[in-house]
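The values are calculated or read from the model by the stated rules, or taken from the named source; none is laboratory data. Model, not experiment: these values are computed from the prediction. Every residue, glycine among them, receives a Cβ derived from its backbone with ideal geometry; neighbour counts consider all protein chains shown. In case anyone asks, the SASA skips ligands and DNA or RNA and just uses the protein heavy atoms, side chains included. Shrake-Rupley method; radii C 1.70, N 1.55, O 1.52, S 1.80 Å.
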Amino acid sequence: MKRDSRLSITLHALLHMAERETVTSEELAACLSTNPVVVRRTMAGLREAGLVRSEKGHGGGWSLARDLAAVSLADVHAALGEPAFFAIGNRTESPGCLVEQAVNAAMDGALRDAEALLVRRLEGISLADLSHDFQQRTAIRRQQMKEQNHVG
């Protein structure tokens with residue numbers, strides 16, 4: 001089953017952007033293994049939501065418009081048009097069968113509750129939190145590389 005990875009890809013791009021003043025669509029596309037057109041389309045939606053800005057011309061590119069701590073993962077999800085979190089759903093939306101109606105009601109309620117819980121969790125995680133995690137992982141990797149180079 002194909003999963004919608006737009007949120008993950010966009011968060012990845014935003015964290016790369018946090019490392020530099022500006023990043024071109026081509027540079028982001030290389031980081032994300034995608035096409036610059038896909039990057040421009042995604043960034044245009046984020047620009048409309050006030051999360052990024054763009055500078056045209058020589059030396060231009062994309063940059064963050066807000067502080068990392070001021071942007072939650074839920075903000076990014078909303079800027080992407082709130083793509084569905086789950087790939088499961090009802091067989092038929094308006095069934096005539098009473099059994100299927102009961103199944104749909106239970107599934108709809110469970111999915112609504114799960115999505116609300118996930119959105120609340122995403123509201124509590126900022127881009128700064130992800131950046132901090134990345135920085136810690138980078139420090140650990142550097143230490144491991146240093147220790148490996150001094151062994152033997």
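Tabulated values for the structure
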item: Total residues in region 124-135, condition exposed (fewer than 13 other Cβ atoms within 10 Å of the Cβ) and touching a residue at least 24 places away in the same chain (Cβ under 8 Å); result: 1
item: Residue count, region 23-39 (criterion: in contact with a Leu (Cβ under 9 Å, 6 or more places away or on another chain) and either on the phi > 0 side of the Ramachandran plot or open to solvent by 30 Å² or more (accessible area, probe 1.4 Å) (or both)); result: 3
item: Some residue of region 67-89 being assigned to a helix (DSSP H, G or I), touching a residue at least 40 places away in the same chain (Cβ under 8 Å) and of a type in the set (Ser, Thr, Tyr); result: no
item: Cβ-Cβ under 9 Å pairs, at least 6 apart or on other chains, region 15-35 side part of a loop (DSSP other than H, G, I, E, B), far side among the acidic types (Asp, Glu) and exposed (fewer than 15 other Cβ atoms within 10 Å of the Cβ); result: 22/55
item: In region 90-118, the residues that are of a type in the set (A, V, I, L, M, F, W, C) and in a loop (DSSP other than H, G, I, E, B); result: 97
item: Criterion violated by residue 52 - all others in (1) open to solvent by 70 Å² or more (accessible area, probe 1.4 Å); (2) in contact with a Ser or Thr (Cβ under 8 Å, 6 or more places away or on another chain); (3) free of Cβ contacts under 8 Å to residues at least 40 places away in the same chain satisfied; result: (1)
item: Subset of region 49-107 (residues that are closer than 25 Å to residue 129 by Cβ and either touching a Pro at 6+ places or on another chain (Cβ under 6 Å) or among the acidic types (Asp, Glu) (or both)); result: 67, 75, 82
item: All positions within region 57-69 that are open to solvent by 50 Å² or more (accessible area, probe 1.4 Å) and within 17 Å of residue 12 (Cα to Cα); result: 66, 67, 69
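Conditions (1) open to solvent by less than 90 Å² (accessible area, probe 1.4 Å); (2) charged (D, E, K, R); (3) closer than 30 Å to residue 24 by Cβ, marked per residue:
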site	(1), (2), (3)
83	yes, no, yes
95	yes, no, no
98	no, no, no
110	yes, no, no
115	yes, yes, no
122	yes, no, yes
143	yes, no, no
